[in-house]
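For reference, the structure is listed below as structure tokens.
The values are calculated or read from the model by the stated rules, or taken from the named source; none is laboratory data. All values reported here derive from a predicted model rather than from experimental measurement. Glycine gets a Cβ as well: all are built from the backbone with ideal geometry, and neighbour counts include every protein chain shown. Areas reflect the complete protein model, heavy atoms only, side chains present, ligands, DNA and RNA absent. Shrake-Rupley method; radii C 1.70, N 1.55, O 1.52, S 1.80 Å.
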Amino acid sequence: RPMILFYARPTRNPSTKANGFSASITAVSPVSLNRIVERIQARCTVNSADIKACLDALQAEVLESIMDGKSVRLGDLGSFRPVLSSKFSANAEDVDANSIKSIRVRYTPSVAMRSALSLGGAKKVAFRKVATVVTDETVTE
């Protein structure tokens, strides 16, 4: 069963301004592309070189589509779309390409992904508290 490790993080309640704690996911190593390739290969008959080539091509196609200003929908995974950050202008005429500060990518999970990750979803995720963080940013077990 999948498991998410979390810790109690010091925080402030935005409504009451009271200090307290909330759950936060622990820092974990990301899953590498090679590990994803191995896991996919274990689920099907396609060899790792072909899987890697397909994932590399997918990455390039997603990037190219986003750079063309298009949204990319990847089935039950969800969608990716470009989002601009720009300077404020009082007049529409003053907004031009120089107003754009950055381009980011926004991910939106699909309904199937949101359902799978919901606490009431069919494939429940287990949670385990591993540590508490005290106010000086040191972690205690």
Normalise the Debye intensity by I(0) for the stretch 54-130, one equal point scatterer per Cα, no solvent, then take log10 at q = 0.20 Å⁻¹ and round to two decimals.
-0.92
Counting only heavy atoms of the protein chains, get the accessible area per residue of the chain (1.4 Å probe) and round it to a whole Å² value.
79
For the chain, which whole percent of the accessible surface, found with a 1.4 angstrom probe, sits on carbon and sulfur atoms?
56
Can you say what percent of the DSSP beta bridges in the chain, counting only those with both residues inside, are antiparallel? Round to 5.
75
Run the quick spin-label model on Leu74 and Arg114: label points 7 Å from Cα toward the beta carbon, then report their separation in nm to one decimal.
1.9
With r as the distance between the Cβ atoms of Asn19 and Leu63 and R0 = 25 Å, compute the FRET efficiency 1/(1 + (r/R0)^6) and round to 0.05.
0.05
Going toward the positive end of the dipole of the chain, with +1 on Lys and Arg Cβ and -1 on Asp and Glu Cβ, which of Pro10, Pro30, Ala49 do you reach last?
Pro10
If the only charges are +1 at each Lys and Arg Cβ and -1 at each Asp and Glu Cβ, what is the size of the charge dipole of the chain around the Cα centre, to the nearest 20 debye?
780
Placing one equal point scatterer on each C-alpha of the stretch 28-79 and summing with Debye, one gets log10 I(q)/I(0) at q = 0.15, 0.19, 0.23 Å⁻¹ equal to -0.52, -0.78, -0.97
Using alpha carbon coordinates only, what is the Rg to Rh ratio of the stretch 14-101, with Rh defined as the Kirkwood radius?
1.17
So, relative contact order of the chain in percent, Cα under 8 Å, 6 or more apart, is 28
